[in-house]
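The values are calculated or read from the model by the stated rules, or taken from the named source; none is laboratory data. Note that the structure is predicted; figures quoted are calculated from it, not measured. Note that each Cβ is placed from the backbone with ideal geometry, even for glycine, and that neighbours are counted across all protein chains shown. Each accessible area value is taken on the protein alone, full model and side chains, heavy atoms only, with ligands, DNA and RNA left out. Shrake-Rupley method; radii C 1.70, N 1.55, O 1.52, S 1.80 Å.
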Amino acid sequence: MFSMASSTLEITVISGEDIRNNRKPVKKNAFAVIRTDSQPLCRTEMDKDGGSYPYWNEKHNVEIPQHARFITVEVQCKTSAGDKTLGMARIPVSDFVGGFVPQSYLHFLSYRLRNSNGERNGIINVSVKAKVPEYAASSCSSTATTIGVPFGKTSCYGGVVPGVPVGVPIMKQYYQG
Amino acid sequence: MGNCYSDVEGGKQAVGGVQQSPTATNNNAGHNDAVEFFYRSWGLPQHFTRVELSLSAINLRDRDIISKSDPMAVVYAKNIDGKLEELGRTEVILNSLNPTWIEKVIVAFQFEIVQPLVFHVYDVDTKFHNIPVKTLKLKDQDFLGEATCVLSEVLTKQNRSLTLNLCSKIGHVGLRNLGILTIHAEETVASRRVVEMMLHCSYLDNKDIFSISDPFLRISRIVESGGSIPICKTEVVNNNLNPKWKPLCLSMQQFGSKDNPLIIECFDFNSSGKHSLIGKLQKSVADLEKLQEGRSGENLTITSHHGHKKVLKGELFVDQFCEKEQYSFLDYVSCGFELNFMVAVDFTASNGNPQNPDSLHYIDPSGQLNSYQKAIMEVGEVIQFYDSDRRFPAWGFGGKTFDGTISHCFNLNGSAGSFEVEGVEGIMSAYASALHNVTLAGPTLFGQVIKRAAQIASQSISYNNKKYFVLLIITDGVLTDLQETKDALVKASDLPLSILIVGVGGADFGQMEVLDADKGQRLESSTDRVATRDIVQFVPMRDVHGGQISVVQALLEELPGQFLTYMRCRDIKPRPLHEAQVSST
């Protein structure tokens, strides 16, 4: 699919749900790390208040090698003993590359996190968009209305890079509370 | 309800925020709470949108000898039994064959039902000077012509205007041209601006004796009389003195202006209903925006019995603040956005031999519809108006086709290449003929149909991001491979697709309810992927006689919300209405 040795992805780490530290809900300071099999790609800031439902909504541009088949998301928290990994999920590249949707489609993806024992530990919500180089862009996004373009006008989410529009994750439960 | 216990979980839910019901009146005409209350006390459903109809006509017949006709228009809703119920009438215009009436007629738009409207134009012969138009007796007036349409036909037109020929009451156009009626619809919205915020509190006081406070916020607007009216409340966060609530979305409709003072109260939830006030503060929306910019908190206060106001340690913070335009479902559909209907029918053997009157697939020669036909009609008849070309993909699954193999996704029209049929009537006739050509078999598998629908939805995105797809699956039985279906659904959850599943017959559909996230949790695939959104609605269609509201309507109610969620998340906006409409689509 990609003709270069590596490809650029725009990944937004949105939020986590019901993440626990030794069965108890996380108090604070959770953050997420994204890596390929070999190297770390980026990490988010710590969510100081979020507890077991951390919210980051941070957008990062990362390069992944062409042969990569997974990217890994780890949710860690800062403890007095150092950074502890609470849960991990592997995102197959095939979940956002290929298929019938246009290359530059903004994918909203969610995965089950598992701790070091393999037990379920919450959910991670991300969005991924492949950055297609200008000359290779296909005929998609030819209509006037915007597709997946983040807000430009009002600066919202002061400080944090404006990425995915408000209201994500998009689960209906989120709105009904 | 039968049990003595209140639904505590229901009491803990967030209420009033704008995201809750996308077609609800509180999104639009919230300025008139009395009208809303009136509608509700008359049993009108909670979710409807106020729409104003403006009428005009050209080339009306001239009935008066000395002067021209004095026309007035009356709008009726046609009920299921065919009876006409008057919704309103315009004023009388003197001496005009090309009237543009000023008085608007208000109708309640409901997405989930077909709403036929009938328009009658009269030449008012009796004195109408200083007489309320309502009291004019129609049988004393000269009938000039009639037109009919369905409300959604008007709302889905590009400029929300529909032009109809007026005909005589009997239904056929007379020898003479009776004129043309134009109906224009507008959603009554004072403002589309909304504000979305994420709030959290820290260092709240503990009000519970044996555990920790369960805080929630209630936001009220101060009214002219000095009192306050609540406009929304957040969900309850259990056992937490530093709660962070889910994003709260308020419309300008609700708070008036950004400078209007709002009272924000933080309560500790008690299942008894008597919530303890932890503290409160008074801030306008503009103040909250400043709090977010300055990244500072504001202390809550509490007034003691003596009237002494005490400043508490607890503080409120605004983590995110975002102001934007929020478009409604009608904004999208009048801008070329479409709902594309697809249907899949169960041809498994458990339905029973179609020749047998007991079979769920029995086609009654008297014309009474079987459950499959009913479901197709009820859903198709509503959605067809939102689909510009009325070409619907239609499939069957679980049946043995002409070449003897069992297929889990075959074209209902029996054609090898084309999977589309024309109109709801096309689905009905393809279904009827398929019953002759297909042998019922099994097992019940949805996976292939869902994948096919997902493929169509994905491919359409490259050409046109204004299409949203709705797949109706009608089945009599229980899924054989639940996990494969879940996998297909999880993969499809990120696409512009909603899936409605109707269960017919008497089977136990408990397993199907798992697919509908309302009743269970988010769907998970076998590879640890979780559904991005809840795209499945399931309802069993029991044969209930005399029901006014069909269960299928309940399915359809959710669709505008699912559509809006998809569009808003991707920041896909309807083209601004004031921009010149370039011809496309």
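Determine if the stretch B:438-458 includes at least one residue that is charged (D, E, K, R), open to solvent by 10 Å² or more (accessible area, probe 1.4 Å) and assigned to a loop (DSSP other than H, G, I, E, B). Talk me through it step by step, then tell me what you get.
First pass over the stretch B:438-458, keeping only residues charged (D, E, K, R): B:451-452.
This time we only want the ones that are open to solvent by 10 Å² or more (accessible area, probe 1.4 Å), so: B:451-452.
Of the ones still in play, those that are also assigned to a loop (DSSP other than H, G, I, E, B) are none.
No - not one qualifying residue is present in the stretch B:438-458.
Contact annotation: residue pairs with Cβ atoms under 6 Å, 6 or more positions apart or on different chains, pairing a residue in the stretch B:475-486 that is in contact (Cβ under 8 Å) with a residue 60 or more places away in the chain and under 21 Å from B:TYR372 (Cα atoms) with a partner that is surrounded by 21 or more Cβ atoms within 10 Å (Cβ to Cβ) and of a type in the set (Asp, Glu), are B:THR475/B:ASP346; B:ASP476/B:ASP346. Only residues that are more than 14 Å from chain A (Cβ to nearest Cβ) and over 22 Å from B:LEU559 (Cα atoms) were counted in the stretch B:510-535, giving 2. So which residues in the stretch B:177-208 are of a type in the set (Gly, Ala, Ser) and open to solvent by 20 Å² or more (accessible area, probe 1.4 Å)? Residues satisfying the conditions are B:ALA190, B:SER191. Selection of the stretch B:58-76 for residues being small (Gly, Ala, Ser) and buried (at least 17 other Cβ atoms within 10 Å of the Cβ) yields B:SER69, B:ALA73. The set of residues in the stretch B:118-130 being more than 36 Å from the chain's Cα centre (by Cα), among the hydrophobic types (A, V, I, L, M, F, W, C) and under 18 Å from B:ASN59 (Cα atoms) consists of B:VAL124 alone.
The residues of the stretch A:108-123 that are within 11 Å of another protein chain (Cβ to nearest Cβ), surrounded by 20 or more Cβ atoms within 10 Å (Cβ to Cβ) and not aliphatic (A, V, I, L, M), listed by number, are A:PHE108, A:SER110, A:TYR111, A:GLY122. For B:ASP358, the conditions (1) surrounded by fewer than 22 Cβ atoms within 10 Å (Cβ to Cβ); (2) within 14 Å of chain A (Cβ to nearest Cβ); (3) over 30 Å from B:ARG160 (Cα atoms) are fulfilled apart from (2). Within the stretch B:259-296, take every residue that is touching a residue at least 60 places away in the same chain (Cβ under 8 Å) and in contact with a helix residue (DSSP H, G or I) (Cβ under 7 Å, 6 or more places away or on another chain) and give me the one that is nearest to B:GLN13 (Cα to Cα). Filtering the stretch B:259-296 for residues that are touching a residue at least 60 places away in the same chain (Cβ under 8 Å) and in contact with a helix residue (DSSP H, G or I) (Cβ under 7 Å, 6 or more places away or on another chain), the one nearest to B:GLN13 (Cα to Cα) comes out as B:SER271.
Please indicate, with yes or no, whether at least one residue in the stretch A:41-61 is touching a Cys at 6+ places or on another chain (Cβ under 6 Å), modelled with pLDDT of 90 or more and open to solvent by 10 Å² or more (accessible area, probe 1.4 Å).
First, pick out the residues of the stretch A:41-61 that are touching a Cys at 6+ places or on another chain (Cβ under 6 Å): A:60.
Filter again for modelled with pLDDT of 90 or more, leaving A:60.
Those still in the list that are open to solvent by 10 Å² or more (accessible area, probe 1.4 Å) too: A:60.
Yes, some residue in the stretch A:41-61 is touching a Cys at 6+ places or on another chain (Cβ under 6 Å), modelled with pLDDT of 90 or more and open to solvent by 10 Å² or more (accessible area, probe 1.4 Å).
Of the residues B:GLY423, B:GLY447, the single one that is under 21 Å from B:GLY367 (Cα atoms) and within 29 Å of the chain's Cα centre (by Cα) is B:GLY423.
May I ask you to say which residue of A:ALA81, A:ALA30 is among the hydrophobic types (A, V, I, L, M, F, W, C) and surrounded by fewer than 15 Cβ atoms within 10 Å (Cβ to Cβ)?
Details: A:ALA30 fails: surrounded by fewer than 15 Cβ atoms within 10 Å (Cβ to Cβ).
Every option except A:ALA81 fails the conditions.
So, in the stretch A:71-98, how many residues would count as being within 11 Å of chain B (Cβ to nearest Cβ) and among the hydrophobic types (A, V, I, L, M, F, W, C)? Matching residues across the stretch A:71-98 total 4.
Across the stretch B:182-205, what is the number of residues that are outside any strand (DSSP E or B) and touching a Lys or Arg at 6+ places or on another chain (Cβ under 7 Å)?
Here the count works out to 2.
Of all residues in the stretch B:308-339, those that are open to solvent by 10 Å² or more (accessible area, probe 1.4 Å), away from every other protein chain (no Cβ under 14 Å), of a type outside the set (Val, Ile, Thr) and part of a strand (DSSP E or B) total 4. The criterion of being hydrophobic (A, V, I, L, M, F, W, C), at pLDDT below 85, under 23 Å from B:ASP62 (Cβ atoms) and surrounded by 14 or more Cβ atoms within 10 Å (Cβ to Cβ) holds for B:VAL133. Here B:ASP481 passes the criteria (1) crowded, with 24+ Cβ neighbours inside 10 Å; (2) modelled with pLDDT under 90 except the one numbered (1). Contact map, the stretch B:203-218: residues that are on the phi < 0 side of the Ramachandran plot paired with residues that are of a type in the set (Val, Ile, Thr) and surrounded by fewer than 18 Cβ atoms within 10 Å (Cβ to Cβ), Cβ distance under 7 Å, separation 6+ or inter-chain. Pairs shown: B:ASN206/B:ILE212.
Checking each residue in the stretch B:222-262 for being touching a Leu at 6+ places or on another chain (Cβ under 8 Å), open to solvent by less than 20 Å² (accessible area, probe 1.4 Å) and within 11 Å of chain A (Cβ to nearest Cβ) picks out B:CYS232, B:THR234, B:PRO243, B:TRP245, B:LEU248.
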